[in-house]
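The block underneath contains the structure these notes are about, expressed in structure tokens.
The values are calculated or read from the model by the stated rules, or taken from the named source; none is laboratory data. These figures come from a predicted structure and were not determined experimentally. We place every Cβ from the backbone using ideal geometry, glycine too, and count neighbours over all the protein chains shown. Just the protein is used for accessible areas: all its heavy atoms, side chains included, with ligands, DNA and RNA removed. Shrake-Rupley method; radii C 1.70, N 1.55, O 1.52, S 1.80 Å.
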Amino acid sequence: MPAGHFISLEGIDGAGKSSHLEALAAALRASGRSVVVTREPGGTPLAEHLRKLALGEPMDALTEALLMFAARRDHLIHVIEPALARGDVVLCDRFTDATFAYQGGGRGFDRNVLGQLEAWVQAVPALAAGRLRQPDLTLWFDLAPAIAAARLAGARAPDKFESQSVAFFERVVQGYADRAQRDPGRFVRIDAEQAREAVLQDALAAVRNRGWVA
Ligand code: TYD
């Protein structure tokens with residue numbers, strides 16, 4: 001059985017990451033891999049309920065972070081861990097870096113508290129004590145907030161986060177940059193200002209470089 005691989009896709013709203021998920025999944029499947037495509041917050045019935053609350057209702061940053069991590073715990077236990085144990089590739093639209101970027105960077109919430117929640121939630125039975133489940137590879141679709149805002153304008157009714165200011169998204173980008181700097185081996189930054197096909201090729205190249213796709 002092949003080893004499971006956990007790939008997360010990150011970036012600000014409007015950076016275009018979601019549109020590349022299915023193409024990445026298709027390339028991995030064409031290489032003979034079983035792929036689970038999923039998202040956060042969400043991915044289980046309970047976590048999808050929590051998503052509606054977190055994205056729909058006003059709340060303070062700690063409440064928001066707790067809902068994100070509660071959803072994450074349910075998703076990890078019921079979807080991600082079983083998939084990795086089967087040797088599947090998990091393609092996850094956002095994971096904990098989004099909490100550090102949005103709640104930590106965007107909202108300015110205490111990253112030490114986020115780190116404590118991360119340590120509780122991502123300790124899983126398959127890993128030795130002290131180790132946390134993290135993506136093996138994080139594709140960060142990086143785009144200037146002003147360009148992302150222009151791409152989003154008129155696309156659909158914005159949710160709670162999509163309607164935030166450019167200044168909020170500048171802080172989110174900084175949050176991603178901080179996480180990338182702390183874990184450079186896991187992060188691959190992709191220039192999402194390029195044409196869509198070039199962005200996809202860069203994302204595929206990152207997965208290919210790991211030897212996970214032919
Ligand atoms: P997104 O992934 O952009 O999905 P869609 O393309 O369907 O809008 O939406 C999820 C939103 O949730 C996004 O604005 C970022 C936010 N979010 C957080 O604030 N914290 C988190 O931990 C996660 C996972 C997402």
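The table for this structure:
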quantity	calculated
Cβ-based net charge around A123, under 9 Å, with every Lys or Arg adding one and every Asp or Glu removing one	+2
Accessible area of R107 in the full protein assembly, 1.4 Å probe (Å², nearest 10)	80
Helix-only mean residue ellipticity at 222 nm for the chain, each DSSP H run of n ≥ 4 adding -39500 (n - 2.57), per residue, nearest 500	-14000 deg cm²/dmol
Per residue accessible area in Å² of segment 113-214, where ligands, DNA and RNA are left out and the probe is 1.4 Å	54
Percent RCO, i.e. relative contact order, over the chain, from Cα pairs under 8 Å lying at least 6 residues apart	31
Rounded percent of accessible protein surface that carbon and sulfur make up, segment 93-214, 1.4 Å probe	52
Calculated Rg and Dmax of the chain using C-alpha coordinates, Å	16.4, 48
